[in-house]
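Reading through the structure tokens given below for one structure.
The values are calculated or read from the model by the stated rules, or taken from the named source; none is laboratory data. Values in this document were obtained by computation on a predicted structure and should not be read as measured data. Ideal geometry is used to build each Cβ from the backbone, glycine not excepted, and the neighbour counts take in all protein chains shown. Ligands, DNA and RNA are excluded from the accessible area calculation, which covers all protein heavy atoms including side chains. Shrake-Rupley method; radii C 1.70, N 1.55, O 1.52, S 1.80 Å.
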Amino acid sequence: MATSADYDDRSQEIGYDPNFVPDSVKTFVVHLYRHIREKNVYEIHQMYEGSFQKLSDRMFKESPWPSVDAVSPYVDNDHVFCLLYREMWFRHLYARMSPTLQQRIDSYDNYCSLFQVVLHGVVNMQLPNQWLWDMVDEFVYQFQSFCQYRAKMKNKTEEEIALLRQFPQAWNVYGVLNYLQALVEKSTIILILEQEKEGLEQFTANDGYDYNGGSNVLKVLGYYSMVGLLRVHCLLGDYHTGLKCLVPIDISQSGVFTIVIGSHITTIYHYGFANLMLRRYAEAIREFNKVLLYILKFKQFHQKSPQFDQILKKNEQMYALLAICLSLCPQVKLIEENVNNQLREKYGEKMARMQRYDDEAFALYDELFSYACPKFITPSPPNFEEPLVNYNQQQLLSGIRSFLKLYSTISIAKLATYMEVDEPTLRTILMTYKHKTHVVDIDGKIVSNADVDFYVNEDTVHVVETKSAKNYGDYFMRQILKVSMLAIWSVGRDDRQPGQNKTGMSVVSISESTYWLSFPGY
Amino acid sequence: MGRERETQQQQQQTSYTVEELVAVNPYNPDILPDLENYVHEQVSSQTYSLDANLCLLRLYQFEPERMSIQIVARILVKALMAMPAPDFSLCLFLIPERVQMEEQFKTLIVLSHYLETARFREFWDEAAKNRSIVEVVPGFEQAIQAYAIHVLSLTYQKVPRPVLAEAINIEGLSLDKFLEHQVANCGWVLEKSHDRGQLIVLPRNEFNQPELKKNTADSIPLEHITRIFSILN
């Protein structure tokens, strides 16, 4: 473990003394330590989400927290607590300053030590889901950040290059993947989720907590590590494997991943993105739609959260991905009214231009995709132009779609004349349309995403109108729920003033239940 | 005794299939040689495992100096054969751009493009010019023919003989024989068209006969109704 002296020459902040522990910090660590020992999840959550942020804003806006060595005497030099403290210490540093190479390496070491302790089953703590999610999230983020840092070899000092050589294992991709994998395996979370389906376990039902005196740490870290693996695979361009890592989690229902909004959004963002890259556009559209509606309804409760900016950014990115999906696969039926309004407001004009087939449309796909895709990492930059390639291959499909909508039968010859191509080419366009709208789903079955159904009988195209009758029943259901919810809200409002910060967790769980109540089956 | 146990253990170890190896060690560089051998095995035994191949490409991605161009080419040909699944682009995402610039990969990318856009005439012409790349993998032709038939069955109820011939690249007597086999085994029916040409009636499915699609009438599932029970109270 690095000592505080390591940082002395690097802390640029004038007046920052890593060994000075203000009284408020003393109180903070003493209380946090006590709550952890007493397994008081509620108070830990308060201190973690509330006090830590407040103290950071007030006293450590531009400088690191006191070093772990300076605070450890106040917490019985407790090894595990010191690891947790450093985890927060580095996260705070990454968020507000730029870490040095040595700090990046030390932070990796700290994660390794922390995960080792957890993997060997010696912890007996009960930590809030938010914190456990943040650990996995930050671990992957710092890995991503390290890869980007290392990729910029040009402006490295000799000292830095020597350090990189000296610690090749720091943020090594094998190490990162294997830690996440080890947490998944050691926690037996996949088995736990399986058994819960048969009523033998109570994991999701207890929001991941353990009410029988055990620890939730390994189980929940293992659970979130599946999302972490999905994310790392997406960063590397391996979407098939990424989605496989997420299979044990049923994302069509609420679960432990939806309890923490950051985890909810990260999961669906990467799930949707991977499906987009696998051309399962309808699946991506469905899940983006659901989570965007959720954000639309509940972002107001998270305004004070440190993740609020991240929430907004991912929100915007997912609208951009939704615009791409819908342009490649026009399935507007899948979009909820309010989400659709937002989408039209943000991208309506661009989407109209994306339907055209010229260089400008191509540039728009490129623009939206680069804005919304994850920040891919080297070693080898993946070829990530799938939507562009697919756009190129789908160029003529929009034209044929609009012609087909006008006819119930039309001869191949006539349609070819309208499309200004010869007959053999028209036949390939019709087949391309079929191929592009019929995808292989996760079970290997062929699924249709087509918005126009047709078949060819020799030389004649027959269009089958599948006008889906407007689903009035569903509309009324939603209105009933909407109205009744307004009633619930106006009664319960006082309890959920985010400003009072009564309990972050109960805000989430109330918003949870209203979400599933208000949005049946979509 | 001790030795006996040892050999037993060894036997147990070797009895792991490569798929199990991948499942247990997805991020272990030591299994790279096993995965490379497995690619050859897939080629010779006409089997396929996307998971194992992606795992190998991932290890190559982490350690580019260990990459074998020849094996990557085999994987890509196998992925083409898995059409209509998007395996080809999934593999391509993991191959560095500078490697994609190699002549044989450029050819494979062009071939994939023709298949994606159902331009079978161009595909077969291009494949014929590059026998050295594709013909080393047994079953290539049949796999692409199966894909062509898949796309035809999505599109046509009745397909004119020349259209089919072009898509699967079989003509004349061989085509007659092929059709005979399909009629006997796959429910194909032969008809005469109005201008005396041959028409092939493909089996109906929900994609070439949209009426077969499940009826989505305006009904509300009971589980949705239950959600408003408390309000109706």
When the Karplus curve 6.51 cos²θ - 1.76 cosθ + 1.60 is applied with θ = phi - 60°, which whole-Hz ³J(HN,Hα) does each residue of the range B:36-50 get, with x for Gly and Pro? 5, 4, 5, 4, 4, 5, 4, 5, 6, 9, 6, 10, 7, 9, 4
In whole Hz and in residue order, list the ³J(HN,Hα) couplings for the range A:225-237 that follow from phi through the Karplus curve 6.51 cos²θ - 1.76 cosθ + 1.60, θ = phi - 60°; x for Gly and Pro. 5, 5, 5, x, 5, 3, 5, 4, 5, 5, 5, 8, x
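Among B:163-169, A:111-117, what's the highest-first ranking by average C-beta atoms within 10 angstrom per residue? Don't skip to the end; give the middle numbers.
Numbers: B:163-169: 21.3, A:111-117: 18.6.
Top to bottom by mean Cβ count within 10 Å: B:163-169, A:111-117.
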For A:THR428, A:THR409, the accessible-area ranking with a 1.4 Å probe, largest leading, is A:THR409, A:THR428
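From the Cα gyration tensor of the range A:306-380, with a ≥ b ≥ c the square roots of its eigenvalues, which class applies: rounded if a/c is under 1.5, or else prolate if a/b is larger than b/c, or else oblate?
On the way: a/c = 2.06, a/b = 1.12, b/c = 1.84.
The shape class here is oblate.
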Cα-projected label distance for B:ARG204 with A:MET125, points at 7 Å along beta-carbon direction, nm: 6.5
So if I take the centroid of the Cα atoms in the range B:38-110 and the same for the range A:75-148, what is the distance between those two points in Å? 37
In terms of the Cα gyration tensor, with a ≥ b ≥ c the square roots of its eigenvalues, is the range A:119-168 rounded because a/c is under 1.5, prolate because a/b exceeds b/c, or oblate? prolate
Once the Cα atoms of the range B:17-138 are picked out, what are the Rg and Dmax in Å? 14.2, 44
As straight-line cross-link partners of A:LYS414, the qualifying aspartates and glutamates (C-alpha separation under 15 Å, not fewer than 8 residues apart within one chain) are A:ASP422, A:GLU423, A:GLU458, A:ASP459
Spelling it out for A:HIS438: with amide H atoms placed in the peptide plane at 1.01 Å from N, the residues 5 or more places away or on another chain with amide H under 5 Å from its amide H are A:ASN449
What is the average number of partner chain Cβ atoms found within 10 Å of a Cβ in B:86-97? 6
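Averaged across the residues of B:58-70, what count of C-beta atoms belonging to other chains lies within 10 Å of each residue's C-beta? Intermediate results must be reported in sequence, preceding the final value.
Values: counts 7, 1, 2, 8, 7, 3, 2, 0, 0, 1, 0, 0, 0.
That works out to 2 on average.
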Can you list residues from other chains, or at least 5 along the same chain, whose modelled amide H is less than 5 Å from the amide H of A:THR460? A:ILE412
Length released on extending from A:LYS445 to A:GLU62, taking residue separation times 0.36 nm less the Cα-Cα span: 132.5 nm
Sort A:437-449, A:129-141 for me by packing, meaning the mean count of neighbouring Cβ atoms within 10 Å per residue, highest on top. A:129-141, A:437-449
Rounded to a whole number, the mean other protein chain Cβ count within 10 angstrom for residues of B:120-128 is 1
In Hz, Karplus ³J(HN,Hα) per residue of the range B:122-139 (6.51, -1.76, 1.60; θ = phi - 60°; x = Gly, Pro): 4, 4, 5, 4, 5, 4, 5, 6, 10, 3, 4, 7, 8, 7, 6, 9, x, x
Cα-based reach from A:LYS297 at 19 Å (exclusive), listing lysines while leaving out same-chain residues under 8 positions away: A:LYS313, A:LYS314, A:LYS346, A:LYS482
Given H placed 1.01 Å from N in the peptide plane, which residues other than close sequence neighbours of B:TYR156 have an amide H under 5 Å from its amide H? A:VAL456
